[in-house]
Amino acid sequence: MFREILSQYINLRDEQLNQFQKFYEMVIDWNTKINLTAITDEKEFAIKHVMDSLSLWDEEKFSSVKKILDVGTGAGFPAIPLKIFKPNLEIFLLDSLNKRVEFLKKVVAELNLENVTCIHGRAEDLARQNNFRESFDLVTARAVARLNIISEYCLPFVKIGGIFAAMKGKNFIDEVAEAENAVKILGGGKIICVEKNLPEISDARAVVYIDKKKTTPKKFPRKAGIPVKNPLT
């Protein structure tokens, strides 16, 4: 069973293991209806989805983190594993595809997750709403876009003193170099790359942590499509 495989890699309570088991089963079931993941093998799912998601968490950096937004969450990575791992977090899941949001609502209900809000929408629009803009301790994004692009979507949500954490693959060094000026324009400060090693996986990967130092200029994020067509440089 999935929970037994996962327990080989991380020490969790029975309740948490049961929640991860249920989450895996729901992803696999819904994957026949909507495209959620190409990874369906139990062991691969445990390592490449759950353990990868949890690798984002830094106990020291996030000691005061309570409110998290996951931009382009898809099937709920990394936010759902983070919520199971740290039940006291308040989580907001944002995705532009309503079918995925409906799936996430079912997950939240089935797993009895409290203080989780599933939102159907685009970051470009939501970031202009006062109750969302610069109101999160931590904003996350996993495999959404290159760093200079995803920073424009995410940094407007991060409150001053908060952190944007982007999960990146093997090209993270090039992406950071490419994004340095964009991060500064968007109000970001120090960029810290932390390489992450997953069990039985040799692929290079890292979490890029960006501190929010200044208010993001009101013109950002730009309208839908523009950050991709004309990225900040």
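Taking the listed residues Phe92, Phe103, the one that is part of a helix (DSSP H, G or I) and in contact (Cβ under 8 Å) with a residue 24 or more places away in the chain is Phe103, with no other qualifying. With in a helix (DSSP H, G or I) and closer than 18 Å to Gln19 by Cα as the only criterion, which of Ala109, Ala75 stands out? So the residue among Ala109, Ala75 that is in a helix (DSSP H, G or I) and closer than 18 Å to Gln19 by Cα is Ala109. Reported count of residues in region 159-188, each being crowded, with 18+ Cβ neighbours inside 10 Å and under 22 Å from Asp52 (Cβ atoms), is 10. Quick one: in region 194-233, which of the residues that are within 24 Å of Ile160 (Cβ to Cβ), in a loop (DSSP other than H, G, I, E, B) and touching a Gly at 6+ places or on another chain (Cβ under 8 Å) is least open to solvent (accessible area, probe 1.4 Å)? Among residues in region 194-233 that are within 24 Å of Ile160 (Cβ to Cβ), in a loop (DSSP other than H, G, I, E, B) and touching a Gly at 6+ places or on another chain (Cβ under 8 Å), the one least open to solvent (accessible area, probe 1.4 Å) is Thr216. Of all the residues in region 15-58, those that are among the hydroxyl-bearing types (Ser, Thr, Tyr) and more than 25 Å from Ser202 (Cβ to Cβ) number 1. Considering every residue within region 152-167, establish whether at least one is under 21 Å from Ala75 (Cβ atoms), assigned to a helix (DSSP H, G or I), aromatic (Phe, Trp, Tyr) and touching a helix residue (DSSP H, G or I) at 6+ places or on another chain (Cβ under 6 Å). The answer is yes, given that some residue of region 152-167 is under 21 Å from Ala75 (Cβ atoms), assigned to a helix (DSSP H, G or I), aromatic (Phe, Trp, Tyr) and touching a helix residue (DSSP H, G or I) at 6+ places or on another chain (Cβ under 6 Å). Quick check on my filter: what residues within region 59-86 are of a type in the set (Gly, Ala, Ser), open to solvent by 10 Å² or more (accessible area, probe 1.4 Å) and under 25 Å from Ser202 (Cβ atoms)? Gly74 - this is the single residue of region 59-86 that is of a type in the set (Gly, Ala, Ser), open to solvent by 10 Å² or more (accessible area, probe 1.4 Å) and under 25 Å from Ser202 (Cβ atoms). Restricting attention to region 20-39, the residues that are hydroxyl-bearing (Ser, Thr, Tyr) and either more than 20 Å from Gly169 (Cβ to Cβ) or crowded, with 19+ Cβ neighbours inside 10 Å (or both) total 2. For region 88-104, taking the residues that are under 17 Å from Arg122 (Cα atoms) and polar (S, T, N, Q), the one that is nearest to the chain's Cα centre (by Cα) is identified as Ser96. Checked against (1) in contact with a Leu (Cβ under 9 Å, 6 or more places away or on another chain); (2) within 26 Å of Leu6 (Cβ to Cβ); (3) not in a helix (DSSP H, G or I); (4) not small (Gly, Ala, Ser), Val144 passes all but a single condition, namely (1).
Of all residues in region 25-57, those that are without any contact (Cβ under 8 Å) to a residue 24 or more places away in the chain and part of a helix (DSSP H, G or I) total 4.
The values are calculated or read from the model by the stated rules, or taken from the named source; none is laboratory data. The structure displayed is predicted, hence computed values, not measured ones. Every residue, glycine as well, gets a Cβ built from its backbone with ideal geometry; the counts of neighbours run over all protein chains shown. Accessible surface is based on the protein model in full, side chains and every heavy atom, while ligands, DNA and RNA are left aside. Shrake-Rupley method; radii C 1.70, N 1.55, O 1.52, S 1.80 Å.
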